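Presented below is the structure to which this report refers.
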Amino acid sequence: MYRVILFDLDGTLTDSGEGIMKSVQYAIEKLGMETPSLEELRCFVGPPLMEQFMTFCHIPEEQGRKAVEYYRERYSIVGLYENVPYEGIQTTLAKLKAQGYVLGVASSKPEYFVEKILKHFSMDQYFDAVVGSELSGQRTRKSEVVEEALRRLGCDQKREEVILVGDRKYDVLGARDMGIDCIAVSYGYGSWEELNEVRPAVIVSSVKELEDFFA
């Protein structure tokens with residue numbers, strides 16, 4: 001029986017694609033490369049940022065780090081707030097909290113930004129632990145973030161009681177690496193095909209379905 005629910009942020013709690021993709025456009029333009037369309041940059045919502053820059057732009061690590069610096073120039077001021085909670089998610093969080101679940105956030109986004117976003121939308125009140133990556137580039141893998149969340153919540157020895165909710169294959173695989181289950185939400189940025197391929201515990205298509213799963 002699940003007692004602890006960890007949530008991804010981007011594509012799970014909030015629809016953050018606009019701010020992320022526009023900030024990626026900004027960074028790629030500053031690198032002197034041809035600027036892709038926003039649709040081409042949907043792949044940046046979810047995975048660790050530097051690795052995605054390296055893969056997408058075919059650049060070495062040094063340039064990847066520079067791309068992240070450029071990205072944050074815009075994201076930290078503007079992109080952070082080009083973002084909106086999914087309809088009904090705050091009501092669902094309140095209900096889960098009232099039912100006695102322990103809630104946490106496990107995101108590959110820097111923890112500094114995760115905390116600012118949750119506070120901006122008054123969502124921080126629902127969570128007992130908020131874990132993200134380090135601004136230095138440490139703890140970017142989903143498995144590392146999940147492991148830290150388990151440690152902070154004191155349930156690293158009770159993994160059967162924990163489940164992660166996320167929208168990309170990285171969430172499912174990161175949870176599996178840490179010995180916990182994962183619910184995949186198809187309303188985010190991962191396609192049904194992507195999610196089905198990695199075999200999460202269940203795939204839900206709406207916030208209401210997510211809430212019903214825990215009812």
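The values are calculated or read from the model by the stated rules, or taken from the named source; none is laboratory data. Nothing here was measured: the structure is a model prediction, and the numbers come from that model. Cβ sites come from the backbone with ideal geometry, for glycine too, and all protein chains shown count toward neighbours.
When residue 1 is tested against the conditions (1) without any contact (Cβ under 8 Å) to a residue 40 or more places away in the chain; (2) more than 21 Å from the chain's Cα centre (by Cα); (3) surrounded by fewer than 15 Cβ atoms within 10 Å (Cβ to Cβ), the lone failure is (1).
Could you tell me whether any residue of the stretch 20-28 is of a type in the set (S, T, N, Q), on the phi < 0 side of the Ramachandran plot and touching a strand residue (DSSP E or B) at 6+ places or on another chain (Cβ under 7 Å)? Step through it out loud before you land on a result.
Just the residues of the stretch 20-28 that are of a type in the set (S, T, N, Q), to begin with: 23, 25.
Adding the requirement that they be on the phi < 0 side of the Ramachandran plot leaves 23, 25.
Retained after the next criterion (residues that are touching a strand residue (DSSP E or B) at 6+ places or on another chain (Cβ under 7 Å)): none.
Looking through the stretch 20-28, none of the residues is of a type in the set (S, T, N, Q), on the phi < 0 side of the Ramachandran plot and touching a strand residue (DSSP E or B) at 6+ places or on another chain (Cβ under 7 Å).
Scanning the stretch 64-109 for residues that are more than 17 Å from the chain's Cα centre (by Cα), under 18 Å from residue 183 (Cβ atoms) and assigned to a helix (DSSP H, G or I) gives 91, 92, 95, 96, 97.
Checking the condition free of Cβ contacts under 8 Å to residues at least 60 places away in the same chain and charged (D, E, K, R), which residue from 144, 87, 82, 161 passes? Just one listed residue meets the conditions, 144.
If you go through the stretch 130-144 and keep only what is in a loop (DSSP other than H, G, I, E, B) and in contact with a Ser or Thr (Cβ under 9 Å, 6 or more places away or on another chain), you end up with 134, 139, 140, 141. Does any residue of the stretch 152-162 turn out to be modelled with pLDDT of 95 or more, part of a helix (DSSP H, G or I) and crowded, with 18+ Cβ neighbours inside 10 Å? The answer is yes, given that some residue of the stretch 152-162 is modelled with pLDDT of 95 or more, part of a helix (DSSP H, G or I) and crowded, with 18+ Cβ neighbours inside 10 Å.
Every residue, every condition in (1) assigned to a helix (DSSP H, G or I); (2) outside the structural domain of residue 70 (by TED's automatic domain parsing); (3) modelled with pLDDT under 95, yes or no:
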site: 23; (1), (2), (3): yes, no, no
site: 29; (1), (2), (3): yes, no, no
site: 43; (1), (2), (3): yes, no, yes
site: 46; (1), (2), (3): no, no, yes
site: 54; (1), (2), (3): yes, no, no
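Restricting attention to the stretch 132-149, the residues being of a type outside the set (S, T, N, Q) and surrounded by 24 or more Cβ atoms within 10 Å (Cβ to Cβ) number 4. Among the residues of the stretch 27-43, those identified as in contact (Cβ under 8 Å) with a residue 12 or more places away in the chain and touching a Ser or Thr at 6+ places or on another chain (Cβ under 9 Å) are 28, 43. Here residue 202 fits the description: touching a helix residue (DSSP H, G or I) at 6+ places or on another chain (Cβ under 9 Å), of a type in the set (Val, Ile, Thr) and surrounded by fewer than 17 Cβ atoms within 10 Å (Cβ to Cβ).
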